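Heads up, the thing below is written out as structure tokens.
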Amino acid sequence: MTQALFILWRESAEALLVIGILHAWLRQGVDATHKLRWLWAGVAAGTFMALAFAAALLGLFSALPDGAIEQMQLAMMLLASGLIVHMVGWMRQQGGQMKHALQQGVAQRAGPGIALLAALAIAREGAETVVFLYGLGLGQQSAGQLGLTALLAVMLAMLTYWLLQQGGRWLHWRDFFRLSEALLLLLGGALLLAAAEKMTMLGWLPTLVDELWDSSWLLDDASRTGNLLASFTGYRAHPALSPLLALLGYWGLVWLWLGWGRHAR
């Protein structure tokens, strides 16, 4: 559940950032009380849309035959991995202008438009969270487990947001996004590796070499520490060649797309 906690924490913190920006801007304007009501209505609507999306996916999984469920899980893993890379790239390009874009969007809208802007922003964060969680295979977890994880994640997100609002005394926005981006990209690679392993089990992808090495003497991926590392980085004590090539390809594409090679020079 560590992966789920991280995803829920990160997405909740980003949603709080969006709400905080809109709330602070609206409080300074004319007829603030009326506009803030529309803001909270939009937040409620966006939350409902995200929950409805989660319920629809759950219903879809429940209606699928056993063989199709495994294929659907594979598709969600690949989608989540790609979405993580896209989200990190988008945040790098637009993150610095997000505050200005949100404030400009609010300034150009009346009450219902404010609600729509907030609803879409929250629904987007919620939809991403749902895709990530299903990609991690957590759609099969009990509602109680996910509920406790979500509650803890929201509490951590609120604490994180409070720390970030203290003028950088303890935590800077830049550091928060850099750390969460790095963890997200590691998780995206781990998801792609797991998807490649699932494809080898389904016979869709050859392993090429069944076991390249055995590092279990150093760190077994079945141990608590090894499992945590495997969940976030794709570490394997007995890696097959084709999933490892998929992971290397993932990092090569990430490096090129995010322009890390240019920054390094």
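The values are calculated or read from the model by the stated rules, or taken from the named source; none is laboratory data. As the structure is a computational prediction, the values presented were derived from the model and not from experiment. So basically every Cβ, Gly included, is an ideal-geometry build from the backbone, and we count neighbours across all protein chains shown. For the accessible areas, the whole protein counts, side chains as well, though only heavy atoms, and no ligand, DNA or RNA atoms are used. Shrake-Rupley method; radii C 1.70, N 1.55, O 1.52, S 1.80 Å.
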Can you pull out the helices (runs of 4 or more DSSP H) entirely within the stretch 154-265 that have at least 2 residues that are closer than 20 Å to Gln3 by Cα and open to solvent by 60 Å² or more (accessible area, probe 1.4 Å)? 173-201, 224-233
Of everything in the stretch 1-21, what is open to solvent by 30 Å² or more (accessible area, probe 1.4 Å) and of a type in the set (Phe, Trp, Tyr)? Give them in sequence order. Trp9
Every listed condition ((1) within 11 Å of Trp9 (Cβ to Cβ); (2) modelled with pLDDT under 85) holds for Leu159 save (2)
Number of positions in the stretch 26-60 that are modelled with pLDDT under 80 and assigned to a helix (DSSP H, G or I): 6
Could you list, ordered by first residue, the pairs with Cβ atoms under 7 Å in which the first is in the stretch 240-260 and modelled with pLDDT of 90 or more and the second is in a helix (DSSP H, G or I) and polar (S, T, N, Q), at least 6 apart or interchain? Ala240/Thr200; Ser242/Thr200; Pro243/Thr200
Answer yes or no: is there a residue in the stretch 234-249 that is of a type in the set (Phe, Trp, Tyr) and more than 26 Å from Gln71 (Cα to Cα). no
Out of all the residues in the stretch 123-135, is one or more assigned to a helix (DSSP H, G or I), within 23 Å of Leu39 (Cβ to Cβ) and at pLDDT below 75? no
Expected single match for in contact (Cβ under 8 Å) with a residue 24 or more places away in the chain and closer than 21 Å to Leu83 by Cβ among Glu211, Glu197 is Glu197
Inspect the stretch 22-31 for any residue being surrounded by 20 or more Cβ atoms within 10 Å (Cβ to Cβ) and of a type in the set (Lys, Arg) and give the result as yes or no. no
